[in-house]
Amino acid sequence: MLSVVEHFPVLVVVVSLLSAITIFIAGWINRKTACYISIATLLGQFIASLFILHHVMSIGPIHYRLGGWVPPWGIEYVMDALNAYVLVVLLFLGLVCVIYSKRNIEHELPQKVVSFYTIYQLLITGLCGITVTGDIFNMYVFIEITCLSAYALIASRGKIALKAGFTYLVLGSIGACFFLLGIGFLYSVTGSLNIHDLSLLLPPLYGNRVVLAAFVFFIVGLSIKMALFPLHTWLPDAHAFAPSEVSAMLSGIIIEVSTYAFIRVAFSVFTVNFIKLLPVFEIISWVAAIAIVVGSILAITQSNLKRMLAYSSVANMGYIMLAVGLSTSATRYPWSGLTPASMHILNHALMKGCLFLVAGAFIYKGNLWEIKDFQGLGRRMPYTCAAFVIAAISMIGMPPSVGFVSKLYIILASLEAKQFVFVAVLLLSSLLNLVYFWRVIETMYMKVEEGTEHTSHVPRDEIPLSMLIPVLTLSSLCILMGILWLTKIPIPILNRVNVLFGLVGGP
Amino acid sequence: MIDITESIQPLLALLCPALGSTLILIFGKRPNVREAWTLLASCFQFLIVLSMVPTILDGKRLVCYLFTMFPGIDFGFHVDAFGLLFALTASSLWILVSIYSIGYMRALKEHAQTRFYFCFALAILGAVGVALSGNLVTMYIFYEILTVSTYPLVAHEQSPEALFAGRKYLAYLLTGGTFLLGAIALTYSIAGTTDFRPGGILTGTMASRSMFLILFVLFVIGFMKAAYMPFHSWLPTAMVAPTPVSALLHAVAVVKAGVFGIVRTVGYIYGIDLMRDLGLGVMLTSFAALTMIGASLFAVAQDNLKKRLAYSTISQLSFIIFGVALLSPMGVMGAMIYIPFHGFMKITLFLCAGAILVASGKKNISEMAGIGRAMPVTMLAFTVGALGMCGVPPVAGFISKWFLAIGAVQSGQIVFLALLLIASLLDVVYFYPIIRTAFFEKMPKDEVLNEREAKVELFSKKPKVVETRHPLYYFILIPIIITATISILFCLFPNMFHIYGLAQVAIRDLFGGW
């Protein structure tokens, strides 16, 4: 007899899909219901994901067989520590963004409210699907669902966003094709699509050229999806011109889920033993290190806040991939294995989510895109700007924020791997972060508009509460989560991941 | 074994500014209530810090560990004599600067006063946190809080000049902070801990000599707040800040946190013996001597009073580094007591500079002819501070320089003694002209009424006493009198506030019995 929680993985996906259809139909009748249905669904999904995480931590992985078919033939949904954790992160940010979107979408896309929420829910379906599935072809299908719905969302503002969306579509499809090719190659030598099954069938074939080629295809395909430098070119436009909650999702979750897919492929389909045969993780670390530096430098050159944040995401993908690259050589608790990488997935979601939502707030209030136009916002929108400052100093890596913890963990991991260059890169990157974030903070608070006395009273002009609460929640979590990481309370979850993948570690 | 007592006193001491800053923000619209909270928080903090002194003097330690961050690194506080010395300095001066700020900020009708008091409290939180931290990581957290919270204070005026100063300030100090983080991570990977232990944690670890040297350089760059040359120029630039901030930067929190860090590194991370083995002491001493003398020469050339004081600070801070680098008990002793003594003397000087600005609107020394007669008490206090800086008895500076001199002799390097005396002599060179101008030159007859004077409506043509013209000025004058008096008393009774005793305990920890 399955316990109720063991049905949750599939429910999370199916309910989300049904909700998309419901929104479409109900929205036809009454536009206003669309948002509420979406919020309710996501809330339900989020709570379900918490139950899943608890179940995984207390009892063990969940295996759910769709239609009762036995795994190698049927599709299996598997929840282990890694994807249960990613699912929680993903649904949390999804929920926060959807609450934020209510007023913003009414303002920005008044004609497209229903279609927005329908597609948004499809996006969530795709993301949940990628996360929960234990079947690699199924994963591909969900990647396509995510990609297509993200394309539609990016393009939803029309005009230049159409071009941004199109670029994303083309590059995203290329990435997905590579991924599919990888799957095809693996299928041709093993005849299986189930991740667990593959991991059992592959070891004798590790020397096989087809398998090696498949691995390369996976890497390239997913690198495009996660915008790893130098395959990041689609990202800045897409993130800059999408509606802000979508930018937050793109930056905070969508590229992170691609990272998750990479980790899954590298450690579950292939295994640590395979990775140690090749210098591939070393190469990834170096590429990621370059991504960190280049992404940060490009961010400095931007004058548009959202583009700047987009380039900062390129740099942060570098952080995550660097941590992934170091995962096989770092073995000491608590920064062993994948802990820093999975930690930064959550941390980046919080920080970048908050920053993009704040950027959206500026656009909502005054159609302000350019950093130089932010003068005096510190007084006009005190709470929003305070949230921005917290998230920004977190990006810079000030203690005790989440950014600081990530940075410290990755530094300790690279020290253990004796890679001093990476330490230098990480430290340099926090200085570069300082340069581009401080420019914004200075403009918001310190620059005085010409012709005005700084004593003159500026009327307060805050965003509506339903937008402000998500922003403040994320920003306060940037600090609270940082302290929580330092106390190491959530580390056991991540350590379970390391044990799962056979990366040495444990208190 | 050292007697260790668990206590929440360190936590309480930090809670005062933390709560204080929150309350300041809440009562931002009501100036009187807001400033009352500042004063209350500062007084409570001082009392709490003071209450820790007897336990420490008994040779015990107070610890308060909250949670483990990494194996071997706890987030928590570990109060020893040296840390307490710094905490005592910071918290006692916060009270005086708070009183002074009320007068200064109100008299000049500054904008954004809530932000000012809020950030001020946060900066003190950072400084006292640095003082009481039990290991490098905890210290780093507070060190960075201190850096960031001081930025709005430096850029307070929001003019392009102030913005530039703020940017420069951050660029220097956060770069330093980054190096520090690297150094801390490296230390942890070598030693497996970052606790401060008398005698050091690096001794006996498997690291090469060159690694130790690189690490030490990283540490020194990391503590860029100590404003040694050639990384000093953020400090004079930051002088555009309001005077209470300059006082905070120079006497209490920021620069002392840097010096404090260097002393911690030398004494408690490397340990005296390892420093000697590596020959780092001589290197650091020479490096510090360069700044001691160089900064004094720069100071001579400054006409802006606050800038001259800034260079004087740069020079004096290196006295502290110098003292520690001598690696002799007396040298370290001198360095340790220099921290509170210099704090009180330098704050006197800065408060006087601020008082002159408020009462007469003058910033440059060349304009200050005859100011001694218009503001006798202020200038008298200034003279006391200046004499102290030069090391003339009976002002506190004499005691600390005396110890430094003995330390130099103890270390067996007579050259260092000579350097010390030359640097002290140079102090006279740049302080004497100020006093001469203030007291012995005549005030020009027809002074142009400048903007600032019009603002405070207190211009007097005749050398008339202006420093008590307005009730608010008492808020400025009283702290000046107190700090000047204490500067003198420190020389006569060095054990006031148990400073001498604490330093002795710290030396006993570092060197064993002597």
Exercise. Of the conditions (1) part of a helix (DSSP H, G or I); (2) out of contact with any Gly (no Cβ under 6 Å at 6 or more places or on another chain); (3) more than 29 Å from B:Tyr473 (Cα to Cα), B:Glu144 clears all except one; give me its number.
Key: (2)
Quiz prompt | Residue count, segment A:328-343 (criterion: in a loop (DSSP other than H, G, I, E, B), out of contact with any Pro (no Cβ under 7 Å at 6 or more places or on another chain) and within 15 Å of A:Ile491 (Cα to Cα)) | solution = 7
Quiz item: Under the condition of being modelled with pLDDT of 90 or more and among the aromatic types (Phe, Trp, Tyr), which residue from segment A:216-263 is farthest from A:Tyr100 (Cα to Cα)?
Solution: A:Phe217
Quiz item: If you go through segment B:211-238, how many residues are out of contact with any Leu (no Cβ under 9 Å at 6 or more places or on another chain) and either among the β-branched types (Val, Ile, Thr) or part of a helix (DSSP H, G or I) (or both)?
Solution: 3
Practice problem: Determine whether B:Leu327 is hydrophobic (A, V, I, L, M, F, W, C) and modelled with pLDDT of 90 or more. | Solution: no
Quiz item: Which numbered condition trips up B:Val395, out of (1) surrounded by 22 or more Cβ atoms within 10 Å (Cβ to Cβ); (2) farther than 20 Å from B:Ser92 by Cα?
Solution: (2)
Quiz item: Do any residues in segment A:49-68 that are charged (D, E, K, R) have Cβ atoms under 7 Å from those of residues that are surrounded by 16 or more Cβ atoms within 10 Å (Cβ to Cβ) and not in a loop (DSSP other than H, G, I, E, B), where the two are at least six apart or on different chains, and which pairs are they?
Solution: A:Arg65/A:Glu76
Quiz item: Looking at (1) under 16 Å from A:Val257 (Cα atoms); (2) crowded, with 24+ Cβ neighbours inside 10 Å, which is the one condition that is false for A:Val88?
Solution: (2)
Exercise. Give the number of residues within segment A:375-400 that are farther than 11 Å from A:Arg460 by Cβ and of a type in the set (Phe, Trp, Tyr).
Key: 1
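Which count do you get for residues in segment A:143-165 that are among the hydroxyl-bearing types (Ser, Thr, Tyr) and part of a loop (DSSP other than H, G, I, E, B)? Give the steps one after another, and end with the answer.
Filtering segment A:143-165 down to residues among the hydroxyl-bearing types (Ser, Thr, Tyr) leaves A:146, A:149, A:151, A:156.
Narrowing further to those that are part of a loop (DSSP other than H, G, I, E, B): A:156.
Qualifying residue count, segment A:143-165: 1.
Yes/no matrix, rows are residues, columns are (1) of a type outside the set (Lys, Arg); (2) within 11 Å of chain A (Cβ to nearest Cβ); (3) over 24 Å from the mean Cα position of the chain (by Cα):
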position: B:Gln158; (1), (2), (3): yes, yes, yes
position: B:Phe164; (1), (2), (3): yes, yes, no
position: B:Leu173; (1), (2), (3): yes, yes, no
position: B:Gly177; (1), (2), (3): yes, yes, no
position: B:Tyr188; (1), (2), (3): yes, yes, yes
position: B:Thr193; (1), (2), (3): yes, no, yes
position: B:Phe196; (1), (2), (3): yes, no, no
position: B:Met206; (1), (2), (3): yes, no, yes
position: B:Arg209; (1), (2), (3): no, no, yes
Quiz item: In this structure, does B:Ile201 turn out to be assigned to a loop (DSSP other than H, G, I, E, B), more than 10 Å from chain A (Cβ to nearest Cβ), buried (at least 24 other Cβ atoms within 10 Å of the Cβ) and on the phi < 0 side of the Ramachandran plot?
Solution: yes
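Going by the structure shown, is B:Thr114 in contact with a strand residue (DSSP E or B) (Cβ under 9 Å, 6 or more places away or on another chain) and surrounded by fewer than 21 Cβ atoms within 10 Å (Cβ to Cβ)?
Numbers: in contact with a strand residue (DSSP E or B) (Cβ under 9 Å, 6 or more places away or on another chain): no; surrounded by fewer than 21 Cβ atoms within 10 Å (Cβ to Cβ): yes.
Answer is no for this residue.
Check whether at least one residue in segment B:333-348 is in a loop (DSSP other than H, G, I, E, B), touching a residue at least 40 places away in the same chain (Cβ under 8 Å) and not aliphatic (A, V, I, L, M), and report yes or no. Spell out the reasoning first.
At the first step, the residues of segment B:333-348 found to be in a loop (DSSP other than H, G, I, E, B) are none.
For segment B:333-348, residues in a loop (DSSP other than H, G, I, E, B), touching a residue at least 40 places away in the same chain (Cβ under 8 Å) and not aliphatic (A, V, I, L, M): absent.
Please indicate, with yes or no, whether at least one residue in segment A:250-271 is basic (Lys, Arg), assigned to a helix (DSSP H, G or I) and closer than 20 Å to A:Phe229 by Cα.
no
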Self-check item: All positions within segment B:50-77 that are of a type in the set (Val, Ile, Thr) and within 14 Å of another protein chain (Cβ to nearest Cβ)
Solution: B:Thr68, B:Ile73
Self-check item: Selection within segment A:15-29 - surrounded by fewer than 21 Cβ atoms within 10 Å (Cβ to Cβ) and farther than 13 Å from A:Cys128 by Cβ
Solution: A:Ile21, A:Thr22, A:Phe24, A:Ile25, A:Ala26, A:Trp28, A:Ile29
Self-check item: Single unsatisfied condition, A:Pro230 versus (1) outside any helix (DSSP H, G or I); (2) buried (at least 24 other Cβ atoms within 10 Å of the Cβ); (3) not aliphatic (A, V, I, L, M)
Solution: (2)
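Determine, yes or no, whether B:Lys362 is of a type in the set (Lys, Arg) and within 18 Å of the chain's Cα centre (by Cα).
Details: of a type in the set (Lys, Arg): yes; within 18 Å of the chain's Cα centre (by Cα): no.
Criteria not met by B:Lys362.
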Practice problem: Go through segment B:411-432 and give me each residue that's surrounded by 15 or more Cβ atoms within 10 Å (Cβ to Cβ) and touching a residue at least 40 places away in the same chain (Cβ under 8 Å). | Solution: B:Ser411, B:Gln413, B:Phe416, B:Leu419, B:Leu420, B:Ala423, B:Leu426, B:Asp427, B:Tyr430, B:Phe431
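If only one of B:Ala299, B:Ala310 is under 12 Å from the mean Cα position of the chain (by Cα), over 23 Å from B:Phe511 (Cβ atoms) and assigned to a helix (DSSP H, G or I), which one is it?
Details: B:Ala299 fails: under 12 Å from the mean Cα position of the chain (by Cα).
Within the list B:Ala299, B:Ala310, the selection yields B:Ala310.
Select, from A:Ala359, A:Ala386, the only residue that is crowded, with 19+ Cβ neighbours inside 10 Å and either out of contact with any Phe, Trp or Tyr (no Cβ under 6 Å at 6 or more places or on another chain) or part of a helix (DSSP H, G or I) (or both). Working first, answer last.
Details: A:Ala386 fails: crowded, with 19+ Cβ neighbours inside 10 Å.
None of the others qualify; the one that does is A:Ala359.
Only one residue in B:Val154, B:Val128 is away from chain A (no Cβ under 14 Å), among the β-branched types (Val, Ile, Thr) and within 30 Å of B:Ile48 (Cα to Cα), so which one is that?
Working: B:Val154 fails: away from chain A (no Cβ under 14 Å).
Sole residue among the options that is away from chain A (no Cβ under 14 Å), among the β-branched types (Val, Ile, Thr) and within 30 Å of B:Ile48 (Cα to Cα): B:Val128.
Residues of segment A:74-111 being in contact (Cβ under 8 Å) with a residue 12 or more places away in the chain and assigned to a loop (DSSP other than H, G, I, E, B), which ones? So that I can check it myself, show each step before the final result.
As a first pass, look at segment A:74-111 and keep what is in contact (Cβ under 8 Å) with a residue 12 or more places away in the chain: A:75-105, A:107-109.
Within segment A:74-111, A:Ile75, A:Asp80, A:Leu109 meet the criteria.
Considering only helices (runs of 4 or more DSSP H) fully contained in segment A:391-490, which possess at least 2 residues that are aromatic (Phe, Trp, Tyr)? Lay out the reasoning, then the answer.
Numbers: elements: A:402-416, A:420-445, A:465-487.
In segment A:391-490, A:402-416, A:420-445 are the helices (runs of 4 or more DSSP H) which contain 2 or more residues that are aromatic (Phe, Trp, Tyr).
The values are calculated or read from the model by the stated rules, or taken from the named source; none is laboratory data. All figures in this text were calculated on a predicted structure; none of them were measured in a lab. Cβ: placed from backbone, ideal geometry, glycine included. Neighbour counts: every protein chain shown.
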